[in-house]
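Accompanying notes for the structure given below.
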Amino acid sequence: MFLQQLINGIVIGSVYALTAMGATLVYGIMRILDINNAGAYALGAYVGLLTYNTTGSLLLTFIVGMLLTGLYGVLVQKLLYVPMLDKSPNVSLIASIGLFIFLSDLIRMVAGPSIKGFHAEVPFSSIYTDSLNINGAWILIIVTTFLLLAVLWFLLNKTKIGLAWKATAQDLETAKAMGVNVNMMVALNYLLGYGFAAAAGIMVGILYSSVFPTMGDVPAYKMLAIIVLGGLGSPVGTVIAAMVIGLAETLIGGYIGFFLPRDAIAFVVLIIILLFRPRGLISKN
């Protein structure tokens with residue numbers, strides 16, 4: 001039973017990691033808590049559903065869903081957040097909440113308020129034994145998350161893009177003075193961040209065979225718990241925090257029972273850990 005719960009926790013943590021990674025990347029450069037990243041989660045799911053119903057290709061579903069949602073992120077950055085850079089971070093936070101609500105309502109008006117089926121064939125077979133059940137969709141989630149995070153790690157640590165990103169995150173004005181194209185770095189940041197959230201939304205849509213307009217509501221506030229717990233702006237901390245929360249939810253639910261609503265467990269874990277590590281699991285300071 002422990003191994004089954006462990007795998008369940010890794011699957012959930014993988015989705016949480018991709019959902020929160022976009023907000024972490026945005027905060028790392030712009031110091032903005034971008035709640036609308038959870039809107040990209042829902043938008044990506046719907047774009048993915050439309051793409052799959054049109055093409056029948058799971059690969060195109062991820063490519064088109066992530067690309068179009070990432071471009072939406074770049075548009076939001078150019079039109080909304082750049083004009084607010086000289087204002088209080090609270091202004092950007094409120095704007096992102098408003099945009100998230102607007103996007104959810106727009107999806108509801110365009111696609112309808114009802115749940116839509118997302119019945120996709122995954123390229124992995126389910127594994128069933130006497131003590132372990134692994135759904136093919138779970139394998140898809142774990143493999144896709146690993147590949148995307150590996151690409152992100154490579155970009156950040158082994159390329160000039162990563163070096164420029166780190167310089168921009170450390171001091172935007174100094175990086176600009178040293179010749180870094182900060183506008184391109186910020187745009188790439190949103191492209192990747194919103195694209196990762198879209199991938200998470202697509203995977204959850206496939207996992208539960210359904211999408212709906214308000215599917216980003218729970219990720220919106222759970223995402224905040226993860227990025228704070230991981231250490232604001234730390235990609236590694238975000239992955240660790242996502243796994244901690246995913247495992248905590250499954251193990252507590254499996255062995256103790258849900259004495260609280262499942263989604264509240266994330267905040268219980270957040271409070272307990274922050275009592276001992278106020279700066280999060282991986283502090284940048």
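The values are calculated or read from the model by the stated rules, or taken from the named source; none is laboratory data. Here the structure is a predicted model, which is why all the values come from computation and not from measurement. Positions of Cβ are backbone-derived with ideal geometry, glycine not excepted, and every protein chain shown enters the neighbour counts. What goes into the accessible areas is simple: the full protein's heavy atoms, side chains included, and nothing from ligands, DNA or RNA. Shrake-Rupley method; radii C 1.70, N 1.55, O 1.52, S 1.80 Å.
Condition test on residue 122, is it closer than 20 Å to residue 21 by Cβ, open to solvent by less than 70 Å² (accessible area, probe 1.4 Å) and in contact (Cβ under 8 Å) with a residue 24 or more places away in the chain?
Considered against the rule, which asks whether it is closer than 20 Å to residue 21 by Cβ, open to solvent by less than 70 Å² (accessible area, probe 1.4 Å) and in contact (Cβ under 8 Å) with a residue 24 or more places away in the chain, residue 122 comes out as no.
List every residue pair whose Cβ atoms sit under 7 Å apart, with the two residues 6 or more apart in sequence or on different chains, where the first one lies in segment 204-227 and is on the phi > 0 side of the Ramachandran plot and modelled with pLDDT of 90 or more and the second, anywhere, is part of a strand (DSSP E or B) and open to solvent by 10 Å² or more (accessible area, probe 1.4 Å).
Listed pairs, sorted by first residue: 209/117.
Could you check, for segment 22-30, whether at least one of its residues is buried (at least 16 other Cβ atoms within 10 Å of the Cβ), touching a residue at least 60 places away in the same chain (Cβ under 8 Å), closer than 17 Å to residue 144 by Cα and not acidic (Asp, Glu)?
First, the residues of segment 22-30 that are buried (at least 16 other Cβ atoms within 10 Å of the Cβ): 22-30.
Remaining after also requiring touching a residue at least 60 places away in the same chain (Cβ under 8 Å): 22-30.
Then keep just the ones that are closer than 17 Å to residue 144 by Cα; that gives 22.
Next cut, not acidic (Asp, Glu) only: 22.
Within segment 22-30 (the criterion being buried (at least 16 other Cβ atoms within 10 Å of the Cβ), touching a residue at least 60 places away in the same chain (Cβ under 8 Å), closer than 17 Å to residue 144 by Cα and not acidic (Asp, Glu)), the answer is yes, since at least one residue qualifies.
Suppose we filter segment 113-130 for residues that are within 12 Å of residue 49 (Cβ to Cβ) and assigned to a loop (DSSP other than H, G, I, E, B); how many remain? Steps first, please.
First, pick out the residues of segment 113-130 that are within 12 Å of residue 49 (Cβ to Cβ): 115-120.
Within this subset, residues satisfying the condition of being assigned to a loop (DSSP other than H, G, I, E, B) are 115, 118-120.
Total meeting the criteria: 4.
Please pick out the residue among 143, 182 that is of a type outside the set (Ser, Thr, Tyr), in contact with a Lys or Arg (Cβ under 9 Å, 6 or more places away or on another chain), without any contact (Cβ under 8 Å) to a residue 40 or more places away in the chain and open to solvent by less than 70 Å² (accessible area, probe 1.4 Å).
From the options 143, 182, the qualifying one is 182.
Quick check: is even one residue across segment 151-161 more than 21 Å from the chain's Cα centre (by Cα) and of a type outside the set (Val, Ile, Thr)?
Within segment 151-161, one or more residues are more than 21 Å from the chain's Cα centre (by Cα) and of a type outside the set (Val, Ile, Thr).
Just name the residue that is modelled with the lowest pLDDT out of those in segment 131-140 that are outside any strand (DSSP E or B) and surrounded by fewer than 14 Cβ atoms within 10 Å (Cβ to Cβ).
At the first step, the residues of segment 131-140 found to be outside any strand (DSSP E or B) are 131-132, 135-140.
Then drop every residue that is not surrounded by fewer than 14 Cβ atoms within 10 Å (Cβ to Cβ), which leaves 131-132.
Working: 131: 75, 132: 81.
This residue is 131.
Within segment 237-246, take every residue that is touching a Leu at 6+ places or on another chain (Cβ under 9 Å) and open to solvent by 10 Å² or more (accessible area, probe 1.4 Å) and give me the one that is nearest to residue 271 (Cα to Cα).
Here the answer is 244.
For segment 72-97, which positions are β-branched (Val, Ile, Thr), in contact with a helix residue (DSSP H, G or I) (Cβ under 8 Å, 6 or more places away or on another chain) and farther than 21 Å from residue 185 by Cα?
91
Does at least one position in segment 249-261 carry a residue that is modelled with pLDDT of 80 or more and either within 17 Å of the chain's Cα centre (by Cα) or under 26 Å from residue 27 (Cα atoms) (or both)?
Yes, segment 249-261 contains at least one residue that is modelled with pLDDT of 80 or more and either within 17 Å of the chain's Cα centre (by Cα) or under 26 Å from residue 27 (Cα atoms) (or both).
Condition first: crowded, with 24+ Cβ neighbours inside 10 Å and not polar (S, T, N, Q). Now tell me which residues in segment 36-58 satisfy that.
38, 39, 40, 41, 42, 43, 44, 45, 46, 48, 49
Condition (residue is in contact with a Phe, Trp or Tyr (Cβ under 8 Å, 6 or more places away or on another chain), over 16 Å from residue 219 (Cα atoms) and at pLDDT below 95) applied to segment 10-22: is it met by at least one residue?
no
Select the helices (runs of 4 or more DSSP H) contained entirely in segment 173-285, then report the ones holding at least 2 residues which are in contact with a Gly (Cβ under 9 Å, 6 or more places away or on another chain) and within 21 Å of residue 159 (Cβ to Cβ).
Numbers: elements: 182-208, 217-230, 235-255, 265-276.
It comes to 182-208, 235-255.
Quick check on my filter: what residues within segment 31-53 are under 16 Å from residue 100 (Cα atoms) and part of a helix (DSSP H, G or I)?
37, 38, 39, 40, 41, 42, 43, 44, 45, 46
Just checking, which of 91, 76, 64 is of a type outside the set (Phe, Trp, Tyr), within 18 Å of the chain's Cα centre (by Cα) and more than 30 Å from residue 8 (Cα to Cα)?
Being of a type outside the set (Phe, Trp, Tyr), within 18 Å of the chain's Cα centre (by Cα) and more than 30 Å from residue 8 (Cα to Cα) holds for just one of 91, 76, 64, which is 76.
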